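Below: the structure, in structure tokens.
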Amino acid sequence: MQRPPAEPGMSEDQIDTPALVIDLDALESNLDAMAAYCKKASVRLRAHAKTHKSPVIARWQALRGAVGQCVQKVGEAEVLAWGGVDDILISNEVIGPQKIARLAALSRMSTVALCADDMRGIEQIEAAAQFVSSRLTVLVEINVGSGRCGVDPGAPAVVLAQRIARSKHLVFGGLQAYHGGAQHMRLPGERETAVGIASEMTRRTVEQLSKAGLPCPVVGGAGTGTFAIEALGGVYNEIQAGSYVFMDVDYSRNKPPSAFRQSLFVLATVMSAARDGVAVVDCGHKGMAIDSGMPLVDGREDIIYSSASDEHGTLRIDGAGNRLSVGERLRLVPGHCDPTVDRYDWYVGVRNRRVEMVFPVAARGMMQ
């Protein structure tokens, strides 16, 4: 791990850069808003920790009523469980005896569940659960439009659910029905149409499971871009939004504008300003994910982050004679928050531009 870039009590200008900075007022506003929405809609919030990768933030979500956390990897589940999170869903397939054995062992510490979309995967999970004399909860993932993981809705999903329910070592936990592609459809009508189709496929599958004598305790999915649609549709009972805690440039492109505030920034320092209209900051590819586009410079519409190399970010400044000063600090808004977070060891929590806390990105780099 790198050394912490700041200490409590410092001003924001004293933070070593590049650094991952959280505006704590904005973060708390986002946590409160989602908790209030889910309570009003009578749906459970199982927040997605692949965004924040932190038992600390998971704890703040739990204090506001979240029933647990989602993750994508066994390593993320381990870090959260070691940090005190006691209800975790791996909203993903887990394949391979080593990974499943780790998950089975983790079930002795926390309540854990995972997803399956294939008979062979179910057999691997069953063998691991039998080996540790445990029962693992398995959700069937169905493909509701993303075209990624997931068995077809309806009869194929029922067959897998019946196989899980017959096992002495497994428990059928419900359906995973996440439409990832709908999260970044820009217009509300597009998102409503996509989620409507996904919800109908999910509803029919729940009905067929019921006819087969299988209750469906969890119907999970939804994300930051569509949670309000799923929450009111009467099909989903668990919301798995993650990015709402931080937000990013890509989500800001959705219409209408989100009620959630931008709370995550990468603080960068101007390291060169040798020419009018151009400056270079100390944050490039290694400090910022640009798969969803370049970052924005917070509060400075006159500055465009135009290109990145490994350690440098080039800024273009509008207006003749405009220059930035060497040493000047700028907050960058990430294009994509999740992979940006994964580049850092530490969060620096600030309030009113002063450091209030520093805590680790504990599940950083958990790819297995």
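The values are calculated or read from the model by the stated rules, or taken from the named source; none is laboratory data. The model shown is predicted, which means the values in this text are computed figures rather than measured ones. Cβ: placed from backbone, ideal geometry, glycine included. Neighbour counts: every protein chain shown.
I'd like to check which helices (runs of 4 or more DSSP H) are fully inside the stretch 171-280 and have at least 3 residues that are at pLDDT 95 or above and charged (D, E, K, R). Walk me through it before giving the result.
Details: elements: 188-211, 227-231, 249-252.
Answer list for the stretch 171-280: 188-211.
Would you call residue 62 assigned to a helix (DSSP H, G or I), free of Cβ contacts under 8 Å to residues at least 24 places away in the same chain and more than 23 Å from residue 267 (Cα to Cα)? Talk me through it step by step, then tell me what you get.
Working: assigned to a helix (DSSP H, G or I): yes; free of Cβ contacts under 8 Å to residues at least 24 places away in the same chain: yes; more than 23 Å from residue 267 (Cα to Cα): yes.
Answer is yes for this residue.
What are the pairs, 6+ residues apart or on separate chains, where a residue within the stretch 16-28 that is hydroxyl-bearing (Ser, Thr, Tyr) has its Cβ under 6 Å from a residue that is not in a loop (DSSP other than H, G, I, E, B)?
Sorted first by the residue in the stretch 16-28, then by its partner, the pairs are 17/267; 17/268; 17/269.
Results for (1) surrounded by fewer than 23 Cβ atoms within 10 Å (Cβ to Cβ); (2) more than 16 Å from residue 261 (Cα to Cα); (3) assigned by TED's automatic domain parsing to the domain that holds residue 89; (4) at pLDDT below 95, shown as yes or no for each residue.
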position: 34; (1), (2), (3), (4): no, no, no, no
position: 55; (1), (2), (3), (4): yes, yes, yes, no
position: 66; (1), (2), (3), (4): yes, yes, yes, no
position: 69; (1), (2), (3), (4): no, yes, yes, no
position: 72; (1), (2), (3), (4): yes, yes, yes, no
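Given the options 281, 266, name the one that is aliphatic (A, V, I, L, M) and either surrounded by fewer than 17 Cβ atoms within 10 Å (Cβ to Cβ) or within 24 Å of residue 362 (Cβ to Cβ) (or both). Full working, then the answer.
On the way: 281 fails: either surrounded by fewer than 17 Cβ atoms within 10 Å (Cβ to Cβ) or within 24 Å of residue 362 (Cβ to Cβ) (or both).
Exactly one of 281, 266 is aliphatic (A, V, I, L, M) and either surrounded by fewer than 17 Cβ atoms within 10 Å (Cβ to Cβ) or within 24 Å of residue 362 (Cβ to Cβ) (or both), namely 266.
Look at residue 65 and say whether it is of a type outside the set (S, T, N, Q) and farther than 20 Å from residue 30 by Cα. Give the derivation first.
Details: of a type outside the set (S, T, N, Q): yes; farther than 20 Å from residue 30 by Cα: no.
No.
Of everything in the stretch 131-155, what is assigned to a strand (DSSP E or B) and buried (at least 22 other Cβ atoms within 10 Å of the Cβ)? Give them in sequence order.
At the first step, the residues of the stretch 131-155 found to be assigned to a strand (DSSP E or B) are 136-142, 151.
Across the stretch 131-155, the qualifying residues are 136, 138, 139, 140, 141, 142.
Return only the number of the condition from (1) within 28 Å of residue 234 (Cα to Cα); (2) assigned to a loop (DSSP other than H, G, I, E, B) that residue 51 does not satisfy.
Of everything listed in (1) within 28 Å of residue 234 (Cα to Cα); (2) assigned to a loop (DSSP other than H, G, I, E, B), residue 51 misses just condition (2).
For residue 344, indicate whether it is under 30 Å from residue 79 (Cα atoms), in contact with a Lys or Arg (Cβ under 9 Å, 6 or more places away or on another chain), in contact (Cβ under 8 Å) with a residue 24 or more places away in the chain and of a type outside the set (D, E, K, R). So that I can check it myself, show each step before the final result.
Working: under 30 Å from residue 79 (Cα atoms): yes; in contact with a Lys or Arg (Cβ under 9 Å, 6 or more places away or on another chain): yes; in contact (Cβ under 8 Å) with a residue 24 or more places away in the chain: yes; of a type outside the set (D, E, K, R): yes.
For residue 344, the condition - under 30 Å from residue 79 (Cα atoms), in contact with a Lys or Arg (Cβ under 9 Å, 6 or more places away or on another chain), in contact (Cβ under 8 Å) with a residue 24 or more places away in the chain and of a type outside the set (D, E, K, R) - is met.
Going by the structure shown, is residue 146 of a type in the set (Ser, Thr, Tyr), touching a strand residue (DSSP E or B) at 6+ places or on another chain (Cβ under 6 Å) and closer than 28 Å to residue 198 by Cα?
Spelling it out, it is not the case that residue 146 is of a type in the set (Ser, Thr, Tyr), touching a strand residue (DSSP E or B) at 6+ places or on another chain (Cβ under 6 Å) and closer than 28 Å to residue 198 by Cα.
Do we find that residue 81 is of a type outside the set (Ser, Thr, Tyr) and either assigned by TED's automatic domain parsing to the domain that holds residue 138 or assigned to a helix (DSSP H, G or I) (or both) in this structure? Before you say what the answer is, go through the steps one by one.
Values: of a type outside the set (Ser, Thr, Tyr): yes; either assigned by TED's automatic domain parsing to the domain that holds residue 138 or assigned to a helix (DSSP H, G or I) (or both): yes.
Yes.
Among the numbered criteria (1) within 19 Å of residue 249 (Cβ to Cβ); (2) touching a strand residue (DSSP E or B) at 6+ places or on another chain (Cβ under 9 Å), which one does residue 291 miss?
The single condition residue 291 does not satisfy is (2).
Considering each residue of the stretch 156-212, count those that are among the hydrophobic types (A, V, I, L, M, F, W, C), over 28 Å from the mean Cα position of the chain (by Cα) and surrounded by 15 or more Cβ atoms within 10 Å (Cβ to Cβ), and give that number.
Pass one, the stretch 156-212, residues among the hydrophobic types (A, V, I, L, M, F, W, C): 157-161, 164-165, 170-172, 175, 177, 182, 185, 187, 194-195, 197-198, 201, 206, 209, 212.
Going one step further and asking which of them are over 28 Å from the mean Cα position of the chain (by Cα), we end up with 158-159, 165, 209, 212.
Within this subset, residues satisfying the condition of being surrounded by 15 or more Cβ atoms within 10 Å (Cβ to Cβ) are 158, 165, 209.
Qualifying residue count, the stretch 156-212: 3.
Yes or no: the stretch 294-317 includes at least one residue that is on the phi > 0 side of the Ramachandran plot and touching an Asp or Glu at 6+ places or on another chain (Cβ under 9 Å).
Quick first cut of the stretch 294-317, residues on the phi > 0 side of the Ramachandran plot only: 299.
Right, trim to touching an Asp or Glu at 6+ places or on another chain (Cβ under 9 Å) and you get none.
No, because not a single residue in the stretch 294-317 is on the phi > 0 side of the Ramachandran plot and touching an Asp or Glu at 6+ places or on another chain (Cβ under 9 Å).
Please state which of the following conditions residue 109 fails to meet, knowing it meets all the rest: (1) within 24 Å of the chain's Cα centre (by Cα); (2) free of Cβ contacts under 8 Å to residues at least 60 places away in the same chain; (3) crowded, with 20+ Cβ neighbours inside 10 Å.
(3)
When you scan the stretch 1-22, do you find a residue that is assigned to a loop (DSSP other than H, G, I, E, B) and under 21 Å from residue 239 (Cα atoms), even just one? Break it down stepwise before answering.
At the first step, the residues of the stretch 1-22 found to be assigned to a loop (DSSP other than H, G, I, E, B) are 1-10, 15-18.
Within this subset, residues satisfying the condition of being under 21 Å from residue 239 (Cα atoms) are none.
So far as the stretch 1-22 goes, no, none of its residues is assigned to a loop (DSSP other than H, G, I, E, B) and under 21 Å from residue 239 (Cα atoms).
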